[in-house]
1. Identify which of K54, K100, K142 has the largest mean-square fluctuation in a Gaussian network model of the chain, with springs joining Cα atoms closer than 10 Å.
2. Can you list the residues, at least 5 places off or on another chain, whose amide H is less than 5 Å from the amide H of A149, using H built in the peptide plane?
3. Taking the chain as a Gaussian network, Cα atoms linked when under 10 Å apart, which of V33, V147, V125 shows the biggest mean-square fluctuation?
4. Express in % the proportion of alpha carbon pairs of segment 79-123 at distances exceeding 14 Å.
5. DSSP loop (so not H, G, I, E, B), at most 11 other Cβ within 10 Å: list which GluC sites (Glu not before Pro) in segment 73-161 pass both filters.
6. List the residues of segment 118-151 whose backbone N lies under 15 Å from a point placed 7 Å from the Cα of F82 along the Cα-to-Cβ direction.
7. Summarise the accessible area of segment 62-181 (1.4 Å probe, protein heavy atoms) by the percent that is carbon and sulfur.
8. Can you compute the modelled spin-label distance between Q129 and V7, with each label point 7 Å from Cα toward Cβ, in nm?
Amino acid sequence: MSKKSVVSEAQEIQLAIELIQLGARLQLLETEVSLSRERLLKLYKELKGVSPPKGMLPFSTDWFLTWQPNIHSSLFINIHKFLIEHAGATGIHAVMKAYKLYLEQMPPEPGEEPLLSLTRAWTLVRFFQSDMLGLTSCEECKGKFVVNALDLNQGYRCGLCHMPSRAGKTRKARDAAALQAA
Ligand SMILES: [Zn+2]
């Protein structure tokens, strides 16, 4: 084996370790890391003490559009966009960097899993790349939020300005609360 391929293999192992520690599922690892499935399985088992869950990822775009996940997903994708546009981050490294920053902003409760897992965050980026999801500005707070790219998002109001438990703040919020209760 040449010196160069030894170096790149060490980098791939390092990448796999970091991804597994951040919670990556096997499908993500197989897509992003140039190591055989057998080696990835072995690394996963070594680090986690258990085999990775089997099967394909069940994620659809719907999850990212529900109330609380939408707020977390929007935060993550804004960080990711910033790193791509202003910090020269690319590919899986941009996803990892953005994910770590997301965890700093939204640390999970002790003993709890983060609401947005690394694998979901990675899936979110792929939904953006395939133009299934997009960003739109909230009419009220001007923040940018994840929306279905195929919807007409005119007059969009985000989940924070339209928080279900804060009915009565504005007429629109009252209307939304009434709709939810109906
Ligand atoms: Zn808003």
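The values are calculated or read from the model by the stated rules, or taken from the named source; none is laboratory data. Remember, it's a predicted structure, so these values are computed and weren't measured experimentally. Backbone-built Cβ (ideal geometry, glycine too); neighbour counts: all protein chains shown. Quick note on the areas: whole protein, heavy atoms, side chains included, nothing else; ligands and nucleic acids left out. Shrake-Rupley method; radii C 1.70, N 1.55, O 1.52, S 1.80 Å.
1. Sorting by GNM fluctuation, first place goes to K54.
2. L133, G134
3. Of V33, V147, V125, the Gaussian network model singles out V33 as fluctuating most.
4. 47
5. Those satisfying the criteria are E112.
6. 143-145
7. The nonpolar share, carbon plus sulfur, comes to 53 percent.
8. Label at Q129, label at V7, 2.6 nm between them.
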